[in-house]
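Chemist: The structure under discussion is supplied below as structure tokens; questions concerning it will follow.
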Amino acid sequence: MELIPESDDTVLSLIHELAPANPCLSRHPVLLTLDKGTDTLPWEACYSYKQQSITRIPSLHFALSVLAIRSLPVRVDQSDTFYILNPTNNLPATQSLFEPWLSQQCWKGVAAKPPTVTEYETALTSDVFLFLGHGSGKEFLKGRSIQDFDSKAVALLMGCNSGRIKHSPLGGMGVPFEYLLSGCPAVLGYLWNITDRDCDRFTKRLLELWVSKGEEVSLLSLMNISREACKLKHLVGAAPIHYGLPNIFSSDTSS
């Protein structure tokens, strides 16, 4: 009797055979606490995790401290969204794609110009902060720290390296941690440099799904679906990651 499959294809075929036998199998989101040797890897894009919601946290102590002051699920008002679109005015394709759509949502924001510090503070104190530009936008605070503000926004930072953590002998630090420490319940960013067109495809799919289904489905659970919109699925599609609390839903503002 052969106990060891001959190839990976055999293993996959066995997995697909067994999967329908457990149609009701569901798992809670996975919280990853990674060290400097593993936090640059796109664990969320692994084949085994395609149907799994994964978020990253700085530490278990951080998660417990946040849960002590917040209850799950977190519900945010999507109508209270502030966006910063193409602040350096050199992403014309991104602006032409998103500006009409953002206007249809009646969201507030600035486009094709750098935000003032006051406008950036408005973004951080809104329910949702959407940044569509290069990097994370931190440079527009003009020397001030994100932690200077009492933030509450779910931050969607759709720029290169916006989710990257840098390490020193004192530990890891980066923009995602700064947002979390300032009070943001969740941060979405990119692990590395990405192409603007594929980034736009991912962002558009994610926003459209969340606007239409956000009351029923968490933002985190929509990320894997949105990765499929990218042409470079293993390069750009693997780059988006989520930090913070996993259960972010939109609230019902129609009542």
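Chemist: What does the charge count near LEU220 come to, summing +1 for each Lys or Arg and -1 for each Asp or Glu among other residues with Cβ under 13 Å from its Cβ?
Modeler: Residues near LEU220 contribute +3 overall.
Chemist: Which FRET efficiency value, to the nearest 0.05, is calculated for LYS231 and ASP80 with the Förster distance at 45 angstrom and r the Cβ-Cβ distance?
Modeler: Working from the Cβ atoms, E equals 0.85.
Chemist: Continuing with the same structure: Which whole-number percentage describes the relative contact order of the chain, with Cα contacts under 8 Å and a sequence gap of 6 or more?
Modeler: 20
Chemist: Summing +1 for each Lys or Arg and -1 for each Asp or Glu, what net charge is found among the other residues whose Cβ lies under 14 Å from the Cβ of PRO169?
Modeler: Result for the neighbourhood of PRO169: +1.
Chemist: ARG75 accessible area, nearest 10 Å², 1.4 Å probe?
Modeler: Per-residue accessible area (ARG75): approximately 120 Å².
Chemist: Check the straight Cα-Cα distances from LYS142 and name the lysines below 20 Å, setting aside those fewer than 8 residues away within the same chain.
Modeler: Straight-line reach from LYS142, under 20 Å: LYS113.
Chemist: Another question about this same structure. Over the chain, give the accessible area per residue in Å² for a 1.4 Å probe, as an integer.
Modeler: 53
Chemist: Most mobile of GLN105, GLN95, GLN51 per a Gaussian network model of the chain (Cα springs, under 10 Å)?
Modeler: For the chain, modelled as a Gaussian network with Cα springs under 10 Å, the answer is GLN105.
Chemist: Heavy-atom accessible area of THR88 with all protein chains present, probe 1.4 Å, nearest 10 Å²?
Modeler: It works out to around 70 Å².
Chemist: At a 1.4 Å probe, what is the % contribution of carbon and sulfur to the accessible area of the chain?
Modeler: Result for the chain: 55 percent of the exposed heavy-atom area is carbon or sulfur.
Chemist: Which of the trypsin sites (Lys or Arg not before Pro) across the range 100-192 are loop residues per DSSP, with 10 or fewer other Cβ within 10 Å?
Modeler: LYS142
Chemist: List the lysines whose alpha-carbon lies under 27 Å from that of LYS213, not counting same-chain residues fewer than 8 positions away?
Modeler: Within the straight-line limit of under 27 Å, LYS213 reaches these lysines: LYS50, LYS108, LYS152, LYS204, LYS231, LYS233.
Chemist: Calculate for the chain the 222 nm mean residue ellipticity that helices alone would give, adding -39,500 (n - 2.57) per DSSP H run of length 4 or more and normalising by residue count, nearest 500 deg cm²/dmol.
Modeler: It lands at -8500 deg cm²/dmol.
Chemist: Lys and Arg at +1, Asp and Glu at -1: add these up for the other residues within a Cβ distance under 10 Å of THR81 and post the number.
Modeler: Result for the neighbourhood of THR81: -2.
The values are calculated or read from the model by the stated rules, or taken from the named source; none is laboratory data. Being a predicted model, the structure only gives us computed values, none of them experimental. Positions of Cβ are backbone-derived with ideal geometry, glycine not excepted, and every protein chain shown enters the neighbour counts. Just so you know, the surface numbers come from the protein's heavy atoms only, side chains and all, with ligands and any DNA or RNA stripped out. Shrake-Rupley method; radii C 1.70, N 1.55, O 1.52, S 1.80 Å.
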